[in-house]
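Working notes, beginning with the structure itself.
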Amino acid sequence: MPRLHSGLAVLLGAALVVPVFPAATPAAAAAATGAVCDHQPALNVTAPAGAVAVDPAVEGDLSVKTQASPPGTTFWLPPGTHLLAADQFGQVIPKDGDVYLGAPGAVLDGRGLNRAAFTQLAKNVVIRGLTIRNFVAPQDQGVVNHDSGEHWVIENNTIENNRGAALMAGARQEVRGNCLRGNGQYGMNAYRPDNAITGLVVEGNEIAANNVDDWETRSPGCGCSGGIKFWSVNGADVRGNWIHHNHGAGVWADTNDNDFLIEDNLIEDNDAEAIFYEISYNAVIRHNTIRRNNLVAGGRRASRGDNFPSASVYLSESGGEPRVPARTDLIDVYGNVFEDNWSGITLWENADRFCNSPANTSYATCTKLVSDRNLCAAPGIDDEPLFSDCRWKTQRVEIHSNTFRFDPASPGCAGLCGRMAVLSNYGTYPSWSPYKGTLVQDAITREQDNYWYSNDYTGPWTFVTGDNSRTLTPAQWQASPWYKDDCSSFDGVTPQC
């Protein structure tokens, strides 16, 4: 018999707690269906009362006037091209509460020389209405909020054609209504070495065509590309964005992220995954439109003879964990529409990738349940609680009430498109690993509360379970011993529930 997932708990009279999340704003929902780039509102046409006007004819005027003014000053940049000092370290260093307002046509240009535009650790900085371009941030660094200051509000800017990331993120940062386009590495890189980013809001932006420098080719395996990358962020709302044509993943959360809400986004035509959630915890992914993603990366993988189920939503060593505080204790994927992606959703757990294993690419990082990675070693790891807590588990994932549409005529599929998957590899490494053999394969498929149910499928979908060698029809997927997708419909056939 199938196990009871929380979506059916109410049928047996069990108490069902449904997490409540804030609804997306109308502006955010509208942004997900229309362009932001090249359609920014005409803001700050005249200088506000008391603002310090910046002269575009004076090189470095913005930096000099920022340095000379007290905290909390408002600076107004009139139309024209504003330059910083002719030095790679020419930059603006805001003070707490400073506000930077750009009139229509105000451009801050790094002219291929300056590394960063706004730097250091001031709090409560506002940047609104500017075009910021041609800065040359190094790999993994950003142009705006270079040092991840706290509670910066970055609104209605166009940040484009820079190297590195358009911007970095700090705690409680608000990123709204921006065009983050054509940057060398990321539209945004949410990372601080102290893992102190919390309460991040990314709303109503257009995040397009980033990673023009093709970092995954320049540095294979770096995991350092795409539209947005999150590292160890605790609490993020990503809503109402148009995330498209990025050369890599659209949204990538990597390494101990937690408490994410990804909703009401239009995510399309990204070379790799629409959403990649990796060695992380607790998320709600709902009401997104996800289409034509991973066609480039999936096709490239297939051309090499690799039959791994490359997905549009990839949950890798990630799951719900009640012991990690968040707004949900699941990864809850519902109410989304998937159209003509390379494949659907893959749940994966690498049996050899766990805390303190040499196979863990985030080698210095442990799970959120173990304070010292050195504890995850023989012989202690053979016993509880370390046996359980040293693994990033793909567990407590619920995939329901989604629509999956797939046209088999997509070029280059070679029978490898249109798949759903839950699988692991056969554990072999390292020699002292307690997770060898099929232990993790059995756990992810049948023991870790991963459920599909009440979905609607159109097209010749197939299903991969356990490992790459097992491909199932819908009827086999629903039958013993897998029991997936109860109450789901296939090509319009009404399910029997």
Worksheet item: Any idea which of (1) without any contact (Cβ under 8 Å) to a residue 60 or more places away in the chain; (2) surrounded by fewer than 24 Cβ atoms within 10 Å (Cβ to Cβ); (3) more than 10 Å from the chain's Cα centre (by Cα) is the one T255 doesn't satisfy?
Response: (1)
Worksheet item: Out of A421, A443, which single residue is buried (at least 17 other Cβ atoms within 10 Å of the Cβ), under 21 Å from E273 (Cβ atoms) and among the small types (G, A, S)?
Response: A421
Worksheet item: Which of the strands (runs of 3 or more DSSP E) contained wholly in segment 153-218 include at least 3 residues that are surrounded by fewer than 21 Cβ atoms within 10 Å (Cβ to Cβ)?
Response: 198-203
Worksheet item: Only one residue in A47, A42, A86, A57 is assigned to a loop (DSSP other than H, G, I, E, B), among the hydrophobic types (A, V, I, L, M, F, W, C) and either without any contact (Cβ under 8 Å) to a residue 24 or more places away in the chain or within 21 Å of Q173 (Cβ to Cβ) (or both), so which one is that?
Response: A57
Discussion item. If I go through segment 397-424 residue by residue, how many of them are closer than 20 Å to W477 by Cα and in contact with a Phe, Trp or Tyr (Cβ under 9 Å, 6 or more places away or on another chain)?
Written reply: 19
Worksheet entry | Every residue from segment 96-112 that is buried (at least 17 other Cβ atoms within 10 Å of the Cβ) and assigned to a loop (DSSP other than H, G, I, E, B) | D98, A103, G110
Worksheet item: Can we say P325 is assigned to a loop (DSSP other than H, G, I, E, B) and surrounded by 24 or more Cβ atoms within 10 Å (Cβ to Cβ)?
Response: no
Discussion item. For segment 211-252, give me each residue that is under 9 Å from the mean Cα position of the chain (by Cα) and more than 25 Å from Y363 (Cβ to Cβ).
Written reply: G227, V238, G250
Worksheet item: Quick one: which of F89, F75 is of a type in the set (F, W, Y), within 28 Å of G187 (Cα to Cα), surrounded by fewer than 12 Cβ atoms within 10 Å (Cβ to Cβ) and at pLDDT 95 or above?
Response: F89
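Okay, residues lined up against (1) over 30 Å from D340 (Cα atoms); (2) assigned to a loop (DSSP other than H, G, I, E, B); (3) in contact (Cβ under 8 Å) with a residue 60 or more places away in the chain; (4) basic (K, R):
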site: A378; (1), (2), (3), (4): yes, yes, no, no
site: I381; (1), (2), (3), (4): yes, no, no, no
site: C417; (1), (2), (3), (4): no, yes, yes, no
site: W432; (1), (2), (3), (4): yes, yes, no, no
site: I444; (1), (2), (3), (4): no, no, yes, no
Worksheet item: Out of (1) touching a residue at least 40 places away in the same chain (Cβ under 8 Å); (2) farther than 30 Å from D382 by Cβ; (3) in contact with a Pro (Cβ under 9 Å, 6 or more places away or on another chain), what's the single condition that is false for N468?
Response: (2)
Fill in: Those residues of segment 460-488 which are surrounded by 15 or more Cβ atoms within 10 Å (Cβ to Cβ) and under 22 Å from A409 (Cβ atoms), in sequence order
P460, W461, T462, F463, V464, T471, P474
Worksheet entry | Unique match (being among the small types (G, A, S), buried (at least 24 other Cβ atoms within 10 Å of the Cβ), more than 16 Å from N183 (Cβ to Cβ) and without any contact (Cβ under 8 Å) to a residue 60 or more places away in the chain) among A297, A274, A236, A311 | A236
Discussion item. For the condition touching a helix residue (DSSP H, G or I) at 6+ places or on another chain (Cβ under 8 Å) and closer than 26 Å to T361 by Cβ, what is the one hit in L386, L439?
Written reply: L386
Practice prompt. Any chance you could count how many residues in segment 466-497 are in a loop (DSSP other than H, G, I, E, B) and either within 16 Å of Y453 (Cβ to Cβ) or over 29 Å from the mean Cα position of the chain (by Cα) (or both)?
Written response: 18
Fill in: Members of segment 219-233 found to be within 22 Å of N162 (Cα to Cα) and crowded, with 17+ Cβ neighbours inside 10 Å, listed by number
G223, C224, S225, G226, G227, I228, K229, F230, W231
Discussion item. For segment 131-152, give me each residue that is outside any strand (DSSP E or B), within 22 Å of N246 (Cβ to Cβ) and of a type outside the set (D, E).
Written reply: N134, F135, A137, P138, Q139, Q141, N145, H146, S148
Worksheet item: Are any residues in segment 284-313 outside any helix (DSSP H, G or I), within 19 Å of V422 (Cα to Cα) and aliphatic (A, V, I, L, M), and if so, which ones?
Response: V284, I285, A311, V313
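For every residue, the table says whether it meets (1) at pLDDT 95 or above; (2) over 22 Å from E398 (Cβ atoms); (3) out of contact with any helix residue (DSSP H, G or I) (no Cβ under 8 Å at 6 or more places or on another chain).
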position	(1), (2), (3)
R419	yes, no, yes
V422	yes, no, no
T428	yes, yes, yes
W432	yes, yes, no
Y435	yes, yes, yes
I444	yes, no, yes
D449	yes, no, yes
W461	yes, no, no
S469	no, yes, yes
Worksheet, complete the sentence: Just one listed residue, out of C355, C376, C390, C366, is farther than 23 Å from L423 by Cα, buried (at least 19 other Cβ atoms within 10 Å of the Cβ) and modelled with pLDDT of 95 or more, and it is C376
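The values are calculated or read from the model by the stated rules, or taken from the named source; none is laboratory data. All values reported here derive from a predicted model rather than from experimental measurement. In this analysis, Cβ positions are derived from the backbone assuming ideal geometry, glycine residues included, and neighbour counts consider all displayed protein chains.
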